[in-house]
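Notes to accompany the following structure.
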Amino acid sequence: MLVQAVRWILGVVLALLIAAASWAATEPAQSSLQLVLGELPPYNCQDLATTPRCINNKIAAKLAHYSGLEISVSLAPYARALRILQQQQTDLMIVLQNQAVLAHADPLLALYDVDLVLRLHHSASRLAPQDIRLGVLRGLDQDVYRLLPAYRYVELSDYEQGVEMLALGRLDAILAPADALTFLLQRHGVASQMMAEPQLQVRQQVWLYCRKQACSAEQQRQLQLAVQQILPHMPAILQLMPITYYQ
């Protein structure tokens with residue numbers, strides 16, 4: 001009797017284990033995803049209580065709306081955002097194309113283009129190239145560095161810091177998105193001190209990335225379909241969101 005009872009108990013336990021394994025295999029993937037943005041106005045910033053203020057914040061809100069996925073957005077210093085991805089503390093990123101990201105994340109779709117321009121202060125005309133202090137965003141893609149002149153690179157936490165340094169005479173040049181730079185130069189009263197024509201222009205794309213193995217095939221499909229619905233709205237977002245932020 002004891003042997004039969006033990007066999008019966010073992011049979012029940014085995015059946016429960018098989019059922020649990022089968023349930024786990026068929027359980028749908030969790031829909032909640034974490035998205036990190038590297039702080040970089042007017043592209044990424046802290047939202048107001050009810051309204052996105054920056055371009056990628058607006059895109060993140062539309063991604064959640066069109067995909068039906070729960071997407072939680074967090075803000076981090078721009079250069080730290082990549083480390084957060086490397087440490088597997090986020091699922092999604094919206095960031096300028098960057099070879100360093102590809103080791104840890106899969107590109108889903110391109111969202112929009114950014115034209116980076118290199119603008120020189122008039123003081124740079126008196127300097128040898130190796131003495132020109134060029135402000136570049138910390139975490140800039142190495143492919144962009146290869147296109148730049150052999151200046152002295154000064155890393156910036158954001159573009160406004162670079163324009164402030166230009167105004168104080170601590171930089172001689174800056175590499176930044178054309179539209180944002182035009183506004184910031186006027187805002188800080190240094191537009192007239194800059195050479196009229198950019199020395200260099202580099203076009204980069206902003207991509208939506210998903211950390212490797214973080215998104216299920218269905219989530220990737222939902223996100224890609226959402227991006228396709230967002231793309232027709234991108235011209236208006238790119239035009240209006242910087243105005244919303246700077247005002």
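Every number in this text was worked out from the coordinates using simple rules, so none of it is lab data. Here the structure is a predicted model, which is why all the values come from computation and not from measurement. All Cβ positions, glycine included, derive from the backbone under ideal geometry; neighbour counts span all protein chains shown.
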Worksheet, complete the sentence: Computed over the chain: longest principal axis from alpha-carbon atoms vs helix 55-67 long axis, angle to nearest 10 degrees, is 30
Worksheet item: Between the helical axis of 217-230 and the dominant principal axis of the chain, each derived from Cα atoms, what acute angle in degrees is found, rounded to the nearest 10?
Response: 40
Worksheet, complete the sentence: One finds, for ILE243 and SER32 with R0 = 45 angstrom and r their Cβ-Cβ distance, a FRET efficiency to the nearest 0.05 of 0.90
Worksheet entry | Calculated SAXS-style log₁₀ I(q)/I(0) at q = 0.13, 0.16 Å⁻¹ - region 115-203, Debye, Cα scatterers | -0.34, -0.53
Item to complete: With N denoting the number of residues in region 56-121, provide Rg(C-alpha) divided by 2.2 N^0.38 Å, to two decimal places.
Response: 1.27
Worksheet, complete the sentence: Amide H contacts under 5 Å for GLN205, restricted to residues at least 5 apart in sequence or on another chain and with H modeled in the peptide plane, are GLN97, VAL114
Worksheet item: What's the angle, to the nearest 10 degrees (0 to 90), between helix 234-246's Cα axis and the longest principal axis of the chain?
Response: 70
Worksheet entry | Solution diffusion estimate, µm²/s, Stokes-Einstein, the chain, Kirkwood Rh from C-alpha pairs, 37 °C, viscosity 0.692 mPa s | 160
Worksheet, complete the sentence: Along the dipole axis of region 45-98 (charges at Cβ: +1 for Lys and Arg, -1 for Asp and Glu; origin at the Cα centre), the most positive-end residue among ALA61, LEU85, CYS45 is CYS45
Discussion item. Can you list residues from other chains, or at least 5 along the same chain, whose modelled amide H is less than 5 Å from the amide H of LEU156?
Written reply: VAL136, LEU137, ARG138
Fill in: Per-residue HN-Hα couplings for region 103-118 [Karplus 6.51, -1.76, 1.60; θ = phi - 60°; Hz; x = Gly/Pro]
6, 10, 9, 9, x, 8, 7, 6, 9, 6, 9, 10, 9, 7, 10, 9
Discussion item. Taking amide H atoms as placed 1.01 Å from N in the peptide plane, list the residues 5 or more away in sequence, or in a different chain, whose amide H sits under 5 Å from that of LYS212.
Written reply: ALA105, ASP106
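Using only helices, what value at 222 nm comes out for the chain when you add -39,500 (n - 2.57) per DSSP H run of length 4 or more and divide by the total residues, to the nearest 500 deg cm²/dmol? List each step's numbers first, then the result.
On the way: 9 runs with 101 residues, N = 247.
When only DSSP H runs of four or more count, the value is -12500 deg cm²/dmol.
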Worksheet entry | Inter-centroid distance (Cα atoms) of region 97-129 relative to region 226-247, Å | 20
